[in-house]
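Trainee: This is the structure I have questions about; it appears just below.
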Protein chains: 2
Amino acid sequence: MPNRPEKHPGMIFRSEQPLNAEPPMELLRQSFTTPAELFFVRNHGSIPEIDADRYRLSIGGMVQRELRLSLDEIREQFPRSTVTATLQCAGNRRQDLMEVAPIPGEVAWSAGAIGTAEWRGTPLREVLQAAGVEPGALHAAFTGLDEVEMENQAFGFGGSIPIEKAMSPEVVLAYEMNGEPLTPEHGAPLRVVAPGYIGARSVKWLANIVLQAEPSSNYYQTHAYKIFPPQVDEETADWEKGLMLGELSVNAVICRPTYEEAVSAGPVPVQGYAITGGERSVERVDVSTDGGETWTTADLQEGNDPWAWRLWETLVDLSPGRYEIVARAWDSAANTQPELAEQVWNFKGYMDNSWHRIEVSCTG
Amino acid sequence: MPNRPEKHPGMIFRSEQPLNAEPPMELLRQSFTTPAELFFVRNHGSIPEIDADRYRLSIGGMVQRELRLSLDEIREQFPRSTVTATLQCAGNRRQDLMEVAPIPGEVAWSAGAIGTAEWRGTPLREVLQAAGVEPGALHAAFTGLDEVEMENQAFGFGGSIPIEKAMSPEVVLAYEMNGEPLTPEHGAPLRVVAPGYIGARSVKWLANIVLQAEPSSNYYQTHAYKIFPPQVDEETADWEKGLMLGELSVNAVICRPTYEEAVSAGPVPVQGYAITGGERSVERVDVSTDGGETWTTADLQEGNDPWAWRLWETLVDLSPGRYEIVARAWDSAANTQPELAEQVWNFKGYMDNSWHRIEVSCTG
């Protein structure tokens, strides 16, 4: 297994071990569906080598019968479905938070820790129904076959989703991405895809599913991926508290122009993506070139994929000079974004959904 | 029927015809469940006089069999349930938006157009299942027996919710409020209670339910209760566009101290409510006395009512002087509130969830 999987040469590698990489904005925005070679990679441990023939998925916990399924059994004995879904890392846009105050030990993501793919597999609920969900099961906990090393211990990355979400048809155990078998860095041979939730819940290299009364006890559910108030830091954090992340918040990002790009005076195309969480939909994107005094409503790309991002674009009229272009989205629950990164800063650097800002120089 | 139902003498009447009234903050915050006499009243038309014995609810549209049910039939032939739910008018806090720019023709609500009650009735889905939901039914449309007059026409107030919401167990056809029969101004003898949605969808004096492929064609679904971008006004609005309101956004309000209250130096109690929409929960409330430079995390009142507001309180240490106290909430989807009312201003004045602000004088 090469340390660096075959990714697009333009990919930005944020760390090599574990492997973390994101595409630059102009490549990310080229297509509605993100090619695998441009799809962000977010790992906490190794990329395991898994022999697909010997692979088995275990389903246990509060079920009527434990299951142990081969990949062929999952493919052949259960219905198949395809969902076009966007996955976004909870740490996407962390760089903007790092400019407010340091966030040591976390990946310095720009706004590319997001991607959209056609995920083909088996609806999770089909497998859970085959196992028989016990009444007390309130969460589906997933653990991966990767190895995260922490304090001289090695364990698989894990996380959970509420049982109602696990039983929703859009949550799949995916073995294909964009019509091709999953590649190792994206979770081959089988991964969870939990649309509308932070990417961390879409556990890769899925080893087992455990139905239980409580959320996962994995480090990445009980410690990481929690939001704390701004006055709390690593030393003062009470991990029992903190906002346990689940559904994504509303967010819009400008992909073009890129940061510090030189543009020509006149109508300048501004393009980006927008996303929200749960079953909500992006309803509007606003763009401003005067710091939010006045706004232009962007055109949302047509589409009928409720679990995917909405691409958007508009034209802004610029005269020669320096500009900050900002964008914000609104979702179907009338939530919108806070203005400033300091208003959402938290010491782990999650869920920056402050207005996205791009500085450009406009020449005559 | 008296024009003015028996409400608490402290109620603030915003208009007499139609009747619109809200409680002052200090009375609203006295209890988790809002007494009927303090519960806000939001009407667009008359308060109809309905003979409960002759009352019939019609269920039609995309159903297998049309139903026409008396109140006794609804009470006796269907399961009963009670939901503790908060209703909030989409125009709550409009006063703050009106300070940004005029919003003519709309009710000048302070932050009291919200209340929490125990609603007892029949789950809507039980009635819909009895009628048999046709596959193409995507929305449940409700119309009331009140009379709204507009352009020389009279019609009942109406609105709709998506069928998935209509089939969720928390949506009830309520005939009791806080253990008493519904009073006329709150929708007697039967009303919808759709928790997590703007109050307008909880149609009072329910005349009929129609299952259909599209949202309600009632004025209050197609025109009112839509959010437009800040640059759009009554004359430029394209009513086909606009964000059709449904789930509530995240919001926190300071109830005590009240506006311009004199407080004594030292630890000053700050109390309020917070709410969010859909199936999300309020996870945190922050309070600041320095304009958002530093924040105190409030204590959330314990409780296990997923469809109700969260009451909160904290202490802030004040020295003599003038202060602006601000509050903001975070919900389980990591959404929080924008800082300024101008950032959410819209010409109909809906869904102000900017940071709530109270000015106080602190004496030594």
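Trainee: Roughly speaking, what is the stretch gain from B:Glu147 to B:Ala213, that is 0.36 nm per residue apart minus the C-alpha to C-alpha distance, in nm to one decimal?
Mentor: Difference between extended and current length: 21.2 nm.
Trainee: Output the antiparallel fraction of DSSP beta bridges having both residues in the protein assembly as shown, as a percent to the nearest 5.
Mentor: 90
Trainee: Defining the label point at 7 Å along Cα→Cβ, can you sort the distances from A:Pro162 to the same site in each other copy, shortest first, in nm?
Mentor: Here the equivalent label points are 1.5 nm apart from this one.
Trainee: Which loop-located GluC sites (Glu not before Pro) does segment B:1-96 contain, where loop means any DSSP state but H, G, I, E or B and the Cβ has at most 15 other Cβ atoms within 10 Å?
Mentor: Those satisfying the criteria are B:Glu6, B:Glu16, B:Glu49, B:Glu66.
Trainee: For segment B:139-187, which GluC sites (Glu not before Pro) pass both filters: DSSP loop (anything but H, G, I, E, B) and at most 11 other C-beta atoms within 10 Å? It would help to have the intermediate numbers written out before the result.
Mentor: Numbers: sites: B:Glu147, B:Glu149, B:Glu151, B:Glu164, B:Glu170, B:Glu176, B:Glu185; in loops: B:Glu147, B:Glu151, B:Glu170.
Those satisfying the criteria are B:Glu151.
Trainee: Once amide H atoms are placed 1.01 Å from N in the peptide plane, what residues at a sequence separation of 5 or more from B:Met177, or on another chain, have their amide H within under 5 Å of its amide H?
Mentor: B:Arg120, B:Leu182
Trainee: Something else now. Chain A: which residue's Cβ hugs the A-to-B rotation axis most tightly, distance rounded to whole Å?
Mentor: A:Asn335, 2
Trainee: May I pose another question? Could you work out the mean count of beta carbons from other protein chains within 10 Å of each residue's beta carbon in B:248-256?
Mentor: Per residue, the number of nearby Cβ atoms from other chains is 2 on average.
Trainee: Cut-off 10 angstrom, C-alpha nodes, Gaussian network model of chain A. Which of A:Met25, A:Met98, A:Met150 fluctuates the most?
Mentor: Residue with maximal mean-square fluctuation among A:Met25, A:Met98, A:Met150: A:Met150.
Trainee: Further question on the same structure: log₁₀ I(q)/I(0) of chain B at q = 0.11, 0.12, 0.14 Å⁻¹, via Debye over equal Cα point scatterers, no solvent, to two decimals?
Mentor: Debye curve over Cα of chain B, log10 I(q)/I(0) at q = 0.11, 0.12, 0.14 Å⁻¹: -0.74, -0.88, -1.18.
Trainee: By counting other Cβ atoms within 10 Å of each Cβ, how are B:Arg75, A:Arg93, B:Arg322 ranked from fewest to most?
Mentor: Fewest-to-most ranking of B:Arg75, A:Arg93, B:Arg322: B:Arg322, B:Arg75, A:Arg93.
Trainee: Using a 10 Å Cβ count of at most 16 others and DSSP loop calls, identify the longest part of chain B lacking such chymotrypsin sites (Phe, Trp or Tyr not before Pro).
Mentor: B:33-238
Trainee: Pull up the DSSP beta bridges for chain B and report the antiparallel fraction as a percent, rounded to 5.
Mentor: That works out to approximately 90 percent antiparallel.
Trainee: If each label sits 7 angstrom from Cα along the C-beta direction, how far apart, in nm, is B:Thr82 from its counterparts in the other copies?
Mentor: 5.1
Trainee: How far, in nm to one decimal, is A:Glu37 from itself in the other copies if the label point is set 7 angstrom along Cα toward Cβ? Shortest first, please.
Mentor: 7.5
Trainee: I've got another one for you. Give the lysines reachable from A:Lys7 as a straight Cα distance under 25 Å; neighbours fewer than 8 places away on the same chain don't count.
Mentor: Those lysines meeting the cut-off are A:Lys204.
Trainee: Rounded to the nearest 500 deg cm²/dmol, what is the calculated helix-only ellipticity per residue at 222 nm for the protein assembly as shown, with -39500 (n - 2.57) per DSSP H run of length n ≥ 4?
Mentor: -2000 deg cm²/dmol, from helical runs alone.
Trainee: Plugging the Kirkwood radius over Cα pairs into Stokes-Einstein for the protein assembly as shown, at a temperature of 20 °C and a viscosity of 1.002 mPa s, what D comes out in µm²/s? Display every interim value, and only then the final one.
Mentor: Details: Rh = 27.1 Å.
Approximately 79 µm²/s, per Stokes-Einstein.
Trainee: Where the Cα atoms of segment B:1-135 are projected onto their three principal axes, how long is each span, largest first, in whole Å?
Mentor: Result, largest extent first: 51, 30, 29 Å.
Trainee: Could you name the lysines in cross-link range of B:Lys241, using Cα to Cα under 25 Å and dropping any fewer than eight places away on the same chain?
Mentor: Of all the lysines, those that pass the test against B:Lys241 - Cα under 25 Å, at least 8 places apart if same chain - are B:Lys165, B:Lys226, B:Lys348.
Trainee: OK, next. To the nearest 20 debye, what is the magnitude of the charge dipole of segment A:251-363 about its Cα centre, counting +1 on the Cβ of each Lys and Arg and -1 on the Cβ of each Asp and Glu?
Mentor: 200
Trainee: I've got another one for you. Once amide H atoms are built 1.01 Å from N in the peptide plane, which residues 5 or more positions from B:Arg284, or in another chain, come under 5 Å H to H?
Mentor: Result for B:Arg284 returns B:Trp330.
Trainee: For segment B:251-363, what class follows from the C-alpha gyration tensor (a ≥ b ≥ c being the square roots of its eigenvalues): rounded when a/c is under 1.5, otherwise prolate if a/b is larger than b/c, else oblate? Before the final figure, lay out the partial values.
Mentor: Working: a/c = 2.12, a/b = 1.37, b/c = 1.54.
It is oblate, given that a/c is not under 1.5 and a/b is not larger than b/c.
Trainee: Follow-up question, since we're still on this one. In whole Hz and in residue order, list the ³J(HN,Hα) couplings for segment B:339-347 that follow from phi through the Karplus curve 6.51 cos²θ - 1.76 cosθ + 1.60, θ = phi - 60°; x for Gly and Pro.
Mentor: Whole-Hz 3J(HN,Hα) from phi for segment B:339-347: 6, 10, 4, 5, 7, 10, 4, 8, 5.
Trainee: Another question about this same structure. How many partner chain Cβ atoms sit within 10 Å of a residue's Cβ in peptide A:342-352, on average, as a whole number?
Mentor: For this peptide, the per-residue mean of nearby foreign Cβ atoms is 2.
Trainee: About the Cα centre of the protein assembly as shown, what is the dipole size in debye to 20, counting +1 per Lys and Arg Cβ and -1 per Asp and Glu Cβ, all else neutral?
Mentor: Computed charge dipole of the protein assembly as shown: roughly 1220 debye.
Laboratory data are not the source of any read-out in this text; all were calculated from the coordinates shown. Because the structure is a prediction, the values reported are computed rather than measured. In this analysis, Cβ positions are derived from the backbone assuming ideal geometry, glycine residues included, and neighbour counts consider all displayed protein chains.
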